[in-house]
Structure formats: structure tokens, C-alpha cells
Amino acid sequence: MNNVNLIKLNVILNNLFIINDLVIHLPECFISDFLDNLTTKQIDKLKAVRNLQINVMNQNNELMPTVTVFDNLKKLTNTVTITAAHKQYANKKLSQKYQVPVHYLSAWFEQNSLLVEHYSKKKDILIVSPDEHPRKTAILNKIKYNLPHIKQVIVKGMQYDDYKLLEKQAKWSLSFGEGFDGYTIFPVLKGGISFAVYNETFFDSAYEKFPNFYKSYDEMEKTIVEDIMRYDNMLNYSEYNNILRSRLEQDYSYQAYTSRVKDFYNKHYFVFE
């Protein structure tokens, strides 16, 4: 949740007499809904746009639609692209599957204004992603039983500004979703330590060696309490955050991100082999 005003596509189409250039950024999970809810009038208006680009934001490759569904976007315009959030699938294989250009964009965050909060100012808070998982209850209960002083906050129904403050305050963060996501990356960049299960779909292989990224949920349940206790002192905490944060800052440079955005709008697309 945030304070951004959302405007329906129909309002835009009905209030602009002539649209010469229009870029629609469409989350991968909403492609079917978008197509199913277009009226004949809206389709005609979109087709009348001289330069219409539909960009599919592939934030989770596992949620991408079938090729058949995707091809229906091409009936609206010849210019369909994909921006990928993770290196692991920002490749020619994805481009060849959907027969459109793919551009590695990565995730967006305000790294240029991030402040690293020192361990001494952190609070005993564990941020928990809202994702459902069969092992989630058991893992959280184990942490609660062994570390009752840690407040668990499941992110749900929260203003974005409040969440950003929570990231700054919390010592720990735990992702039950993609693993290599905002609940893993951003808290670390603000001085915290995060935990997740490594998987090849989203993680760069370089992160497999980091001990806070487990091989399985079995391993997570077995060792996460011990790991939290081991890191929970100023020396170990600060040292490990510096190691992990240095790697993430290298891969998620704000300057590199803004350069990739510029490349996208200049149609200079980059994919990995």
C-alpha cells in the first residue's frame, strides 16, 4: 500500500483525443486479466496508437503465461518486450520462447538514499514475507519458542513508508517466497541480515555460498535459530552484513540500474547468454 494515485486505463484512453506514443508496463501475472477485460472499443483505441509498446514486467519467471496467451498481446501491437528482474532468466532462451526482445532491468530500489543502520540501533524484529509455504508455521514457531524476545512482523496491509522504516529498524528478515527478493535484498542494504532458501530460478549462483541462503527448508528449520544466535552480537553481525551487503551493492548498483532504464527506453536491450 502507498499514496500513489492509480488511474484506470479506460480513463486515459477516453480523455486523450489522439495518442501518438504509449508504453504500457504490464506485470506478468496480470496478462490474462488485462486481455480478458479489454472491451472492443478499448482494443480499437489501443490499435490506433501510432507507437504502442507493451512491456511485460517479468518479476517472477514462474508466473509467466503460456506462449499462446502471450501471443495475444502481439495482436494489439508489433512492439512487445519483456523486462526481467533476475539475471538467471534474463537470457536468450526467454527471448526465443516468446519471440520478443528481453532486457535485464533488475529490481528497483532507492539505493542512492539508503542509510545503513548500525547493529546498536537495530531492534529485535524479524520481518517475514507474506508468502505462504507449508513449512512457514513450523519455522516461525521454532523461532518464537527459542527466541521469544524477537518480534515477528508479517508484512501485510502496510503503508510502503512504514515498511521502509521497518526495514531500517529490523535486525532480521525472512523470505518464504522467491528467496532472492525484496525481503532478502533490501533489509541487508539497510544494515540487516536476511534468510531465505536458495533456488536456481532466481538466485545468481554466486550467492549459493552464503550461509544465510539455505539449501532447503529442512536446513532452514534445523539451523536458523542457531544462526540468528551466532550473528546476534555487534562483531559478527556487522562483519557478516558488510560481506553480504558489499556483494549486493555490487550487483544492484543504483547507477547501473538507472543506466539499464535509460537503455530500455533507448531500445538498447541487454540479455545474458
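The numbers here are math on the coordinates, done by the rules we state, and not lab data. This is a predicted model, so every value here is computed, not measured. All Cβ positions, even for glycine, are placed from backbone atoms using ideal geometry, and neighbour counts span all protein chains on display.
Structure data summary
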| item | result |
| --- | --- |
| Sequence-distant residues sharing a close amide H with Lys123 (under 5 Å, placed H) | Ala170, Lys171 |
| Sequence-separation-based contact order of the stretch 111-251, relative, with Cα cut under 8 Å and 6+ spacing, percent | 26 |
| The chain: most fluctuating residue of Ala206, Ala48, Ala196 per GNM, C-alpha cutoff 10 Å | Ala206 |
| Using alpha-carbon coordinates, inclination of helix 136-146 to the longest axis of the chain, degrees | 30 |
| Longest site-free stretch - the chain; sites: trypsin sites (Lys or Arg not before Pro), DSSP loop, at most 16 other Cβ within 10 Å | 51-134 |
| Relative contact order (%) - criterion: Cα under 8 Å, at least six apart; region: the chain | 18 |
| J(HN,Hα) series, the stretch 231-248, from Karplus relation 6.51 cos²θ - 1.76 cosθ + 1.60, nearest Hz, glycine and proline x | 7, 7, 8, 4, 5, 5, 5, 5, 5, 6, 4, 4, 5, 5, 5, 4, 5, 5 |
| The stretch 111-251 - Debye-derived log10 I(q)/I(0), Cα point model, q = 0.11, 0.13, 0.16 Å⁻¹ | -0.35, -0.50, -0.79 |
| Links that overshoot a 19 Å alpha carbon limit, given the list Lys122/Lys142; Lys87/Lys171; Lys47/Lys75; Lys47/Lys92 | Lys122/Lys142; Lys87/Lys171; Lys47/Lys92 |
